[in-house]
1. With contacts defined as alpha carbon pairs under 8 Å and 6 or more residues apart, what's the relative contact order of the stretch 189-262 in percent?
2. Given R₀ = 45 Å, FRET efficiency for GLU12-LYS101 by Cβ-Cβ distance, to 0.05?
3. Mind scanning LYS21/LYS240; LYS21/LYS73; LYS191/LYS240; LYS21/LYS64; LYS48/LYS150; LYS3/LYS191 and naming the pairs with a C-alpha gap bigger than 32 Å?
4. Whole angstrom only: what separates the Cα centroid of the stretch 211-231 from the Cα centroid of the stretch 116-168?
5. Any chance you could tell me what percent of the C-alpha pair distances in the stretch 1-55 go past 18 Å?
6. Counting only heavy atoms of protein chains, what accessible area per residue, in Å², does the stretch 111-200 have with a probe of 1.4 Å?
7. Would you compute, from DSSP H runs of 4+ residues alone, the mean residue ellipticity of the chain at 222 nm, taking -39500 (n - 2.57) per run and dividing by the full residue count, rounded to the nearest 500?
8. Measure off 7 Å from each Cα along the Cα-to-Cβ vector at ASP283 and ASN181, then give the distance between these two points in nanometres to one decimal.
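The values are calculated or read from the model by the stated rules, or taken from the named source; none is laboratory data. Keep in mind the model is a prediction, meaning the values are calculated, not measured. Using ideal geometry, Cβ is built from the backbone for each residue, glycine included, and neighbour counts are taken over all protein chains shown. We work out accessible area using only protein heavy atoms, side chains counted, and drop any ligands, DNA or RNA first. Shrake-Rupley method; radii C 1.70, N 1.55, O 1.52, S 1.80 Å.
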Amino acid sequence: MQKIFFALPGNEVLTDSLAHKTDGETGGMELRRFPDEETYVRIDSDVKGKDVVLVCTLDHPDQKLLPLYFLSKTAKDLGAASIILVAPYLAYMRQDIRFHKGEGITSSYFAALVSGSVDSLITIDPHLHRRTSLSEIYRIPTTVIHAADKISEWIRLNITKPLLVGPDSESEQWVSAVAANADAPYITLYKTRHGDREVEVSVPHIEKYKDHTPVLVDDIISTARTMIETLGHLRKAGMKKPVCIGVHGIFAGTAYEDLLEAGTAEIVTCNSIPHPSNRIMIDDLIMRYLS
Ligand code: R5P
């Protein structure tokens, strides 16, 4: 089936790359705000009978979801055969239980909205922690791609004697996979989160790794408090300046600057969310599922 790609704002580079690599067409459209802040959508290309690929990474999801929904519904109204959402970062996955009385389990509600908006979803390393599969909350076909091999490859090429460090037990799944392919040892720490920006991390004995370069690997860097707290402990333990790798660099507010200031040797992210720290490109990984 012929594919036509549309970039939601900010996703143009990845969209062009995917369209190019899969011999697909890039669609034209207009998406803008009316003066009253409502959303205007117009599709200029012929989508009839085609698979429409909407590329929209879902950091800052609240402002992105309605334009995405309108675009998807417009394409379907105009005869698209199917709507595939490529969302390299999938939002709301961390609110997967009621941590405090009265809270909403927003990962489920968000999943219901996305499932009602598109026909299928392709994403990279969603934060599956207490849930093991997206199918527990998404009722459309989903494809989960892992960036571990790409991260291992970057580490192998750029770091001598790495020690992979996972800042919490949740990160073990990513760190262990990356460590195995990078042929490097790894340790995981224990984290307690007291609030949005209050994080406490404990470090095991790491004396035997003093001559290694610590490489912190986590799925998400949001406020960066998890990484900053970990950096402090590694410094106290007399370790070398660490490299920080996040699959998804959200960098809320001044998080990127804060993390640089906290004494990291380098901050590296995948291009699942466009950012100057993007060094690990996931285009080829996604392309395989679109060919
Ligand atoms: C949490 O469970 C995730 O794996 C990350 O550790 C977390 O989202 C990082 O958040 P922050 O950068 O705000 O500490």
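1. After rounding, I find 34 percent.
2. Working from the Cβ atoms, E equals 0.55.
3. As for pairs spanning more than 32 Å Cα to Cα, those are LYS21/LYS240; LYS48/LYS150; LYS3/LYS191.
4. Each part's Cα centre sits 17 Å from the other's.
5. It works out to 35 percent of all Cα pairs.
6. That works out to 47 Å² per residue.
7. -8500 deg cm²/dmol
8. The modelled label-to-label distance comes out at 1.9 nm.
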